[in-house]
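FYI, it's all coordinate maths here, none of it is from the lab. Please read all numbers here as calculations on a predicted model, not as lab measurements. Methodologically, a virtual Cβ is constructed for each residue, glycine included, from the backbone with ideal geometry; neighbour enumeration extends over all protein chains shown.
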Amino acid sequence: MTIPQSIEQWRNKQISGLALMRTLVSHPTWYVPVSESEAAEMLATNSASRIMFNRNPDGVNSLLLYSNGDQYKGPGQHFLTTAGTWVFRLPLDGIDQIWIDPNTPHDILYDKEQFARLREMADAILLEATLLGLRQGSAPEGSLRQVRDYRNYTVAAAVVEGRPRMLMAPDNKGRTLAAIFTFDDVYDAFLPDAKAQAGAAQIQQMQLSGEALFNVIQKMSLDGIVFNCSGPVTPVAFAAAFARLVLES
């Protein structure tokens, strides 16, 4: 699905704002206006200081992002082509808004109050790729430390007599599998299962750092761990001993 199609779906309330955000941040080829001589330096230094931006008559600075190089109508512009996980993690100092596919029928704006949320989504998507790489045996050195140092894990807990009890991932083999989530949209996808497990109990979303989470996991009697068990991303499962490996990294 293209970026224009996703934005149209969001406008028609067919997908949530979080689903749109994931699509934008996951997009592999954003076109960012830059001068030709500065593109290589920007990639090397991970700096947004050389990115060109638009300032309107009211003094609002907009970072312009194009989902397709053909969206730009002017002559002679150079672009840095980069992934959303790179561009949405930039510091963006001095930028007031991100303007996606400007001056098109499907353009959309994100104000600076939303930059942190976009950055968190980018962090989550990078972590999800790392988890998949670890499962497939293709992750680079330092990947376990990345899993340990991530600070935005969430779990669903049923609150019974004032005490939270972690809810498990559904499993047709009867195994006890801890359900761990990397961002709010994947947590939300689990809620129907969580409500079925919790019954009349209140469900609490709990946010944990990697170190705190895996210390808890290590002390539980589990058959395994599943990250993002209900989609929309690919679920990734590990044996329970994975918690110890992460903590020892």
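So how do Met220, Met166 line up by other beta-carbon neighbours within 10 Å, fewest first?
In order of increasing Cβ crowding within 10 Å: Met220, Met166.
Tilt of helix 17-26 relative to the longest C-alpha principal axis of the chain, in degrees (0 to 90, nearest 10)?
It works out to around 70 degrees.
Would you kindly state how much longer the chain becomes between Asn68 and Gln205 on full extension, computed as 0.36 nm times their sequence separation minus their alpha carbon distance, in nm to one decimal?
Residue separation times 0.36 nm, minus the Cα-Cα distance, leaves 45.6 nm.
Only Lys, Arg, Asp and Glu count, each charged at its Cβ (+1, +1, -1, -1), so figure out the dipole size of the chain about its Cα centre, rounded to 20 debye.
Rounded to the nearest 20 debye, it is 740 debye.
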